[in-house]
Each structure stands twice: as C-alpha cells, then as structure tokens.
Amino acid sequence: MAKYKRGKSSFLFSNQPVIASWASIAGKKESEGPLGRCFDKTTTDTFFGQKTWEQAEKKMQELALKTLAEKAGLHTWEIELVFSGDLLNQCIGSSFSLRNMNIPHLGLYGACSTMSESLLLAALTVDGGYADRVAALTSSHFASSERQYRFPLGYGGQRTPTAQWTVTGSGAALVTVEGKGPRILSGTVGTVRDLGIKDAGNMGAAMAPAALATIKAHMEDMNLTPKDYDMIVTGDLGQVGKELLLELAKREGLELGGKLADCGCMVFDNTVQDVHAGGSGCGCSAITLCSHLLGELSTGKLKKILFCGTGALLSPTSTQQGLPIPGVCHAVAIEGGRN
C-alpha cells in the first residue's frame, strides 16, 4: 500500500500543510445572514459591477483571489498553482477569472463539493513537495445557477419547500508548506452515489447518501469516531438533507448527533430569510469555511473539524433527459493552527 494511504480512500498528510490565509466574497442576502460580519467583502450589487450574472461570478473569483493574496502578503503571481471550479457550464467562472493572470491553473468540476475537492488536491500537492503555495478557489451565484439549472428568474417560478437558495459568493484558501494557521491532517476522496433521486428541487436528498458514505469511510480508514472531532460539517445538504443524513447514519449505527453541522443551515437564518430548506451552491461551503470555520479554528474556539463538501452531479442535459442525480462528498480534516 502507498505509504500515506489509509484504507480504501483516505490519505494522511505527513507534513500537515498549513492554510495560511483565506478570503470570502459574499452577496447582499448572504451579508444579511448570521455570518455576515465574517466575510471579507460584501456588496449590494448582484452584478458586482458587471453586465451579466455570469460575469459577476467571474468578478467574485477575481476578488477572492486578490483578497487571498493580500491577506497572505503576496502578489497574485506568487501563487504557484490554483485548483478551482464553479457551477457554470465549462467552468467559465474559473477560467475567465484566471485568464491573463499567468498563474498555472487546474480546473475542477465537483459541483458543490468543489471547495473540499480543491482543498484536498491543494493539500496533496503541497504535502507531496510539488509546490509551496497553492490556492483552492470556487464560487456560485444564485441568478446564474437558477438560469442554468432551473428556470430564468423572470418566469417567477414557484420554489418547493425542499428547494435551497444558491449562495452568491466566492471563497479561497491558500495552502502552504509552512507557516501559521489551521493545518490539514488528512483527507478522504468520496465515491459517487445515486439512489434514484430525480427532483432538482431536492438536492439535499440526492447528496445525503454520498455524505454518509464518505464520513463512514473516513472514520473506518483513519480508525476514528465522530467523537474525535469538535464538528463534522457538510457542505450544503440544507435542513432536509441534514435530517436525512442523521436518519441514514442512525440506521448504519453511526451516531452523528451533536457533532453534525451544515453550511447550508449556517449561512442563512431560515426564521427571517426566505430560503426554504437552506443554502446551497459551491459558494455555500466556500464562504462558510473561508470565514467563520477557519476563523474559529485559528482562534482556538474549534480544535478539529471534518469538512465534508457535498455535490450534486447533475447537468441541464441530464435533468432534461429525466436522469437521476448522483451525489459525491469529499472530506478534509482540519486542526486549529499551531504557532
């Protein structure tokens, strides 16, 4: 077996790469939520000064990367590699944001799991000695996602109770070989799960089985239990998916009660914000991690978390053809920084 491989799908990072800086850019609705004061930059302009929502998403990623570099005391060109992706067709939010920046780029598509996927790959790259400074970056935009996956907003379509609100935001994390900040201990690559859910308005149900599979695999591979973590954080299951995950875990004999949190339930306040089942999108877990969670880890309020980005791997074509929605989840174990 490979030296640092654990079990079937997990990796132990021998050098424990550092998350040296992080940045979050958020929209108006997100700034009005419980985490509003944690974000680096917010705006009331849905277009971020651009002509279209898709270009707004590009702008968000540009701002996130620039803010990330500034907080690290670097020029953007000093970042050696960027792993990034988004929800737009052909990941144009990522590729357009990085054009002409002269930064090596590897584009990803993990849907809403992209923040954990990019962070996991960044950690593997740094821990393996292939680069010293690697950025993980992603974004989503409510309006561009609705136009692509469901209905143009001008139609005024009704949203079902299980529907979630795609977060308008971008998050970025800089993974380095040394320095101060939270450290990445291990990671688990998820497997694609499909239990036949076809409702594009119920992403939580589609992703919950994948989240359970990855959490179980991580615990078995690393010989750990949920008690070894202060918090197990899923990406964007929302309220429906979170409750379903707890039920599925209980059936499997895995007790997550008291440990499980979900970024889709944290980023908005369901009692006063009309988001139905909660938040979703690549930006959901990205801005929650790259503001509140890493902030709590850096101050010692949290000691150790398992960050489990969840993604629904559908496309407009697959939905139109009546295919079910596969889900995936990737996990990264992060420990509070040591000076």
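Every number in this text was worked out from the coordinates using simple rules, so none of it is lab data. If you're wondering where the values come from, they're calculated on a predicted model, not measured in any experiment. We place every Cβ from the backbone using ideal geometry, glycine too, and count neighbours over all the protein chains shown.
What is the range 236-300 by shape, rounded, prolate or oblate, if you read a ≥ b ≥ c off the alpha carbon gyration tensor as root eigenvalues and call it rounded for a/c under 1.5, prolate for a/b larger than b/c, and oblate otherwise? Oblate is the answer for the range 236-300, as a/c is 1.5 or above yet b/c matches or exceeds a/b. Approximating the spin labels as points 7 Å out from Cα along Cα→Cβ, the Arg37-to-Lys304 distance works out to 3.0 nm.
Summing +1 for each Lys or Arg and -1 for each Asp or Glu among the other residues whose beta-carbon sits under 12 angstrom from that of Lys58 gives -1. Pairs of Cα atoms nearer than 8 Å and 6+ residues apart set the relative contact order; for the range 5-176 it is 30 percent. Projected over all directions and averaged, the alpha-carbon convex hull of the chain occupies 16.0 nm². With 0.36 nm allotted per residue and the present C-alpha distance subtracted, the Lys71-Ser318 stretch has 84.9 nm of extension available.
Ranking of Glu117, Glu62 by neighbouring Cβ atoms within 10 Å, starting from the fewest: Glu62, Glu117. Spatial offset of the range 106-148 relative to the range 286-339 amounts to 10 Å, using the alpha carbon center of each. Taking a ≥ b ≥ c as the square roots of the eigenvalues of the Cα gyration tensor, the range 5-176 is classed as prolate, since a/c reaches at least 1.5 and a/b is larger than b/c.
Length gained on full extension, Lys180 to Lys28, computed as 0.36 nm times the residue gap minus the Cα-Cα distance: 51.6 nm. Here the contact order of the range 214-339, divided by its residue count and restricted to Cα pairs under 8 Å and six or more residues apart, works out to 29 percent. The lysines within cross-link reach of Lys8, meaning a Cα-to-Cα straight distance under 18 Å and a gap of 8 or more places when in the same chain, are Lys216. Overall, the chain carries a charge dipole of about 220 debye about its Cα centre when +1 sits on the Cβ of Lys and Arg and -1 on the Cβ of Asp and Glu, all other atoms neutral. Candidate membrane-span-like segments in the chain, meaning DSSP H helices with Cα atoms spread over at least 24 Å of their own axis and a Kyte-Doolittle mean of 0.5 or above, are 203-222, with no membrane implied. Across the chain, the mean sequence separation of Cα contacts (distance under 8 Å, 6 or more residues apart), normalised by length, yields a relative contact order of 25 percent.
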